[in-house]
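Down below is the structure, laid out as structure tokens.
The values are calculated or read from the model by the stated rules, or taken from the named source; none is laboratory data. Note that the structure is a prediction, hence the values are computed from the model and not measured. Methodologically, a virtual Cβ is constructed for each residue, glycine included, from the backbone with ideal geometry; neighbour enumeration extends over all protein chains shown.
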Amino acid sequence: MLVSEAVDGNASLGNVALTFTGGFWGGAVIPMGLAICLVLTGLFFGKRFNRMNMITLADFYYRRYGNTTEVMSGTVMAVSFIVLVAGNLAASGYILSVVLGIPLIYAMLISTAVVLLYTYFGGLFSCAYTDIFHIYLAVIGFWAGFLFFIGPWSPIPGGLDTIVANAPAGFMDMSGLLNVGSGALINWAAIISLGLGDIVALDFMERVFAADGGRTATKSCYMGAGITLLILIPVTMVGIIGFTLEPKLADPYTLYPIIAIKHVPAVIGILMLVSTVSCGMSTANGGTLAIASVLSRNMLQRNIIAKLLKRPKLTDRQLLVATRLFVIPMFFTAFALGYLIPRPGAYLVLAFDIVLAGCLVPLVFGTFWKKSTASGAIASIVVGSITRLILFFVI
């Protein structure tokens, strides 16, 4: 389940698009950063957070710092995950749009409706029963597609040598990590945003909380990191292969489905497309469910009903109904963002850049430093988030 949140539409279709426009490391930073995050989560937070018996990550900020920090962190995390879900709905929409030959808005409406239905009725279980199956199909599909182009049966004369030769200068060397002019600062920023910021991930953490024990949570993080790294080469290389197969493609976000439909055998293409759509929907499911849980539990129940209105807490049934109601506006907010500015891949980095700036420091210091205070946490969230927002517009 952790891998399915990492290997989603952003990490596949978005990875390919970023590679096609910025070079190998422009896309490879996504699985690299996510794998680093899972290792750090398992190493420092898995057992500890699993024992705390939390439902949402905002519960940590409440227990450690109080209501104000809970509301502030929950708001920042909700904004972050709306961006994340938007990227996945856009990725699923691009694939359905190319496959079905329909406009992007209709394709996104179809994927949004499907995810909304199974999130509404199945919650986290609807992820669990599908993730443990389709994630392995995804990894097999990615590798099958890559090996098809570099093996002796490749439709490209010269195979890998030709693919590398057709890539733009600097796209296949280490300059993407070492040369500022080749985007090294942007790529390292993406690795840091995902490697550290993704620790404050509602979807990752809800799986850590739900594991049957701390040892399971920790081992799963390590295993998830390993499987996530398995997609680094095959998925990223699809973006490089695009310069040989579709060099004049106008929209890089359509490259992945076009290659799956036009340039590989049908069985491999089906694996590539279905797995990407299902992983993207899984992340949209987990992300929206996490946002709705924060809004219903941490905002509505604890701070509006209990604290502001001085009313008894909601029953489990009422809380479930509230969560289901919050799912609907969250989905369509993400849908609107994903349709108006469809940027799979880039949205993944942006989503965790937001929580890296505002929420990571209170989480880390609140876990490992007994002297951290609510005022320090509030200052950290306010200063970090505002600084990030200013830099977004200035730079």
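Take the conditions crowded, with 24+ Cβ neighbours inside 10 Å and touching a helix residue (DSSP H, G or I) at 6+ places or on another chain (Cβ under 6 Å) and apply them to residue 74. Does it pass?
Values: crowded, with 24+ Cβ neighbours inside 10 Å: yes; touching a helix residue (DSSP H, G or I) at 6+ places or on another chain (Cβ under 6 Å): yes.
Yes; evaluated as a whole, the condition is true for this residue.
Is it true that some residue in segment 294-311 is of a type in the set (Lys, Arg) and under 20 Å from residue 253 (Cβ atoms)?
No, the conditions are met nowhere in segment 294-311.
Do we have any residue at all in segment 190-207 that's part of a helix (DSSP H, G or I), in contact with a Pro (Cβ under 8 Å, 6 or more places away or on another chain), closer than 19 Å to residue 128 by Cβ and touching a residue at least 40 places away in the same chain (Cβ under 8 Å)?
No, there is no match, as no residue in segment 190-207 is part of a helix (DSSP H, G or I), in contact with a Pro (Cβ under 8 Å, 6 or more places away or on another chain), closer than 19 Å to residue 128 by Cβ and touching a residue at least 40 places away in the same chain (Cβ under 8 Å).
Matching residues to (1) among the aliphatic types (A, V, I, L, M); (2) at pLDDT 90 or above; (3) not in a helix (DSSP H, G or I):
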| position | (1), (2), (3) |
| --- | --- |
| 113 | yes, yes, no |
| 121 | no, no, no |
| 124 | yes, no, no |
| 127 | no, no, no |
| 130 | no, no, no |
| 133 | no, no, no |
| 138 | yes, no, no |
| 153 | no, no, yes |
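Can you pull out the residues in segment 301-332 that are farther than 30 Å from residue 108 by Cβ and in a helix (DSSP H, G or I)?
Within segment 301-332, 301, 302, 303, 304, 305, 306, 307, 308, 316, 317, 318 qualify.
Which ones in segment 365-387 are within 21 Å of residue 202 (Cβ to Cβ) and buried (at least 17 other Cβ atoms within 10 Å of the Cβ)?
Answer for segment 365-387, where residues must be within 21 Å of residue 202 (Cβ to Cβ) and buried (at least 17 other Cβ atoms within 10 Å of the Cβ): 365, 366, 377, 378, 380, 381, 384, 385.
Filtering segment 134-177 down to residues that are hydrophobic (A, V, I, L, M, F, W, C) and surrounded by fewer than 12 Cβ atoms within 10 Å (Cβ to Cβ), which residue is nearest to residue 25 (Cα to Cα)?
Looking at the filtered set, the residue picked out is 169.
Any idea which of 279, 359 is farther than 30 Å from residue 257 by Cα and in contact (Cβ under 8 Å) with a residue 60 or more places away in the chain? Even if it seems obvious, please write down each step before you answer.
Working: 279 fails: farther than 30 Å from residue 257 by Cα.
Answer to the check: 359.
Filter segment 367-395 down to the residues that are among the polar types (S, T, N, Q) and assigned to a helix (DSSP H, G or I), then identify the one that is farthest from the chain's Cα centre (by Cα).
Going residue by residue through segment 367-395, those that are among the polar types (S, T, N, Q) are 367, 372-373, 375, 380, 385, 387.
Restricting the remaining residues to those that are assigned to a helix (DSSP H, G or I) gives 367, 375, 380, 385, 387.
Values: 367: 24, 375: 30, 380: 24, 385: 20, 387: 23 Å.
Ranking the qualifying residues of segment 367-395, first place goes to 375.
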